[in-house]
Structure formats: C-alpha cells, structure tokens
C-alpha cells in the first residue's frame, strides 16, 4: 500500500483549501483491508493524495462529547432528521486541534463547523461552548467526554471535481477503562459538493457487491463500550463490521 501511495501526485494542506467541503453529501462503504492496495491503484490517475511532513498516511485522535444520558447518540438511533456530533479532533502530523460539530440535516447533507483550539481538551472551553450554542442551540455545559477514536487516514482530492475521499483504517475506540479494535476494517467515504451518479469507484464497488451505508465512529464506539444503550438500529452495521473483522 505504501508503494502504491507513492505513485500519486501529492497535494498540501494549503492547496486542499479549495475543496474543504464543510457542506456536502457523503457516501460511505465498509471494506476489507485486503482490498485497499487494488482500490488505490484504481484511483491513482484522478486523485491527489494529501501529504503532510512527507507523510501520506495520517494519524487522527478524536474525543467525543455527549450528555450524561447519551442524548445525541440516541438522536442518531431514533433517526432524528437533524442531529449533531460534538468532538475534539487532533490532526497529529499537522499538530492542529479543532473542536468540531457535525450536523446531519433534513436534506441529507453533512455540515461541519469548527473552531481551532490550543490543545487536548478533556472538558469544553469557552470557544467550544460558544460554537455549540451558535450551531446546535443546546447547553454545552451539560456535555461530558465519552470516548476516544483513534485511526489512520488517507485523504484523496479529485484533480478536476469538487470531491474528496477519505480512507480510514486501524480504528481503535476507548474510554478510561475499556477498548475495542476494528481490525481489517476500512471505512471509505466519498464527499461531494453535489451528489453525482456514475462515480467510477462507486460503480466498481457496487459491481463487487458493496453498497453505501451508514457508519459513525462515535456510534460504533458507544455500541462497543456502552452496550447497555439502545442499539437495535445499528445491528446490521455491527454484523457487517464483525464479518469484516473475522475475514482472513
């Protein structure tokens, strides 16, 4: 995989600003790690790969916040048309820290808002609380840190379209006492300004029997670390992940 990544033309963080896509349509696919090298070869001609400090596979640490009774997780489970996730994300190689809010709205678009913060936050600072109030209209002081997700990411940027692709792998979820790994799982997410049909990679995956579906790292973490929470809606995704983890 490392060798295949070196065949891509690279793009810097500053150059990638043209395609931030904070308001977008998403499609996610859950894949096996053994598929990754071939998929990357299929994408080489049409995408740049993000390179930071000569690194093309990047490390992400994310701390998620929710109310004591997991209200925002339950909003997702109960399929509220407009729902939020709240997180502190650390972009390790670029040494950047952001508090971020992701909204899934009733038009099926994902809207991300964020504010840069100085360092790791086990509690929410004033800038984060203000963003929560402005974007979600709820009381951030009632939220608490719930769990970490840690993973590696490859970021691809289309050379001609307003389109990005992230490929996440080696995911680990943990809190103060428990930890769960998602070995062999690859989460591929296509991010587009406008939803377009006929994307070659999507066609290729569908031909191989894969279908886009819902996958939230926070939701996965809650189901693994806090299984007493309601999670019936997520059982099909859990079964898919278990099948991938157990595949040779």
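The values are calculated or read from the model by the stated rules, or taken from the named source; none is laboratory data. Just so you know, these numbers come straight off a predicted model, no measurement behind them. As a convention, Cβ positions derive from the backbone with ideal geometry for all residues, glycine included, and neighbour counts pool all protein chains shown.
State yes or no: is residue 134 modelled with pLDDT of 95 or more, out of contact with any helix residue (DSSP H, G or I) (no Cβ under 9 Å at 6 or more places or on another chain) and outside any strand (DSSP E or B)?
yes
Which residues, taken from segment 58-78, are farther than 10 Å from residue 146 by Cβ, in contact (Cβ under 8 Å) with a residue 12 or more places away in the chain and either touching a strand residue (DSSP E or B) at 6+ places or on another chain (Cβ under 6 Å) or in a strand (DSSP E or B) (or both)?
Within segment 58-78, 58, 59, 60, 61, 62, 76 qualify.
Select, from 35, 20, 1, 16, the only residue that is free of Cβ contacts under 8 Å to residues at least 24 places away in the same chain and either surrounded by 14 or more Cβ atoms within 10 Å (Cβ to Cβ) or under 16 Å from the mean Cα position of the chain (by Cα) (or both).
20
Name the one entry in 100, 93 that is part of a loop (DSSP other than H, G, I, E, B), closer than 22 Å to residue 155 by Cα and either out of contact with any helix residue (DSSP H, G or I) (no Cβ under 9 Å at 6 or more places or on another chain) or modelled with pLDDT of 95 or more (or both). Give the steps one after another, and end with the answer.
On the way: 100 fails: part of a loop (DSSP other than H, G, I, E, B).
None of the other options fit; the residue is 93.
In this structure, does residue 166 turn out to be at pLDDT 95 or above, outside any helix (DSSP H, G or I) and under 28 Å from residue 78 (Cβ atoms)?
Taking the combined requirement at face value, the residue satisfies it.
Would segment 236-245 turn up any residue that is in a helix (DSSP H, G or I), more than 17 Å from the chain's Cα centre (by Cα) and closer than 18 Å to residue 38 by Cα?
yes
Working carefully through the options 120, 54, find the one that is under 30 Å from residue 200 (Cβ atoms) and either surrounded by fewer than 14 Cβ atoms within 10 Å (Cβ to Cβ) or touching a strand residue (DSSP E or B) at 6+ places or on another chain (Cβ under 7 Å) (or both).
Of 120, 54, the one residue that is under 30 Å from residue 200 (Cβ atoms) and either surrounded by fewer than 14 Cβ atoms within 10 Å (Cβ to Cβ) or touching a strand residue (DSSP E or B) at 6+ places or on another chain (Cβ under 7 Å) (or both) is 54.
Go through 30, 40 for me and flag whichever is in contact with a helix residue (DSSP H, G or I) (Cβ under 6 Å, 6 or more places away or on another chain), over 30 Å from residue 175 (Cα atoms) and buried (at least 17 other Cβ atoms within 10 Å of the Cβ).
Exactly one residue qualifies, and that residue is 40.
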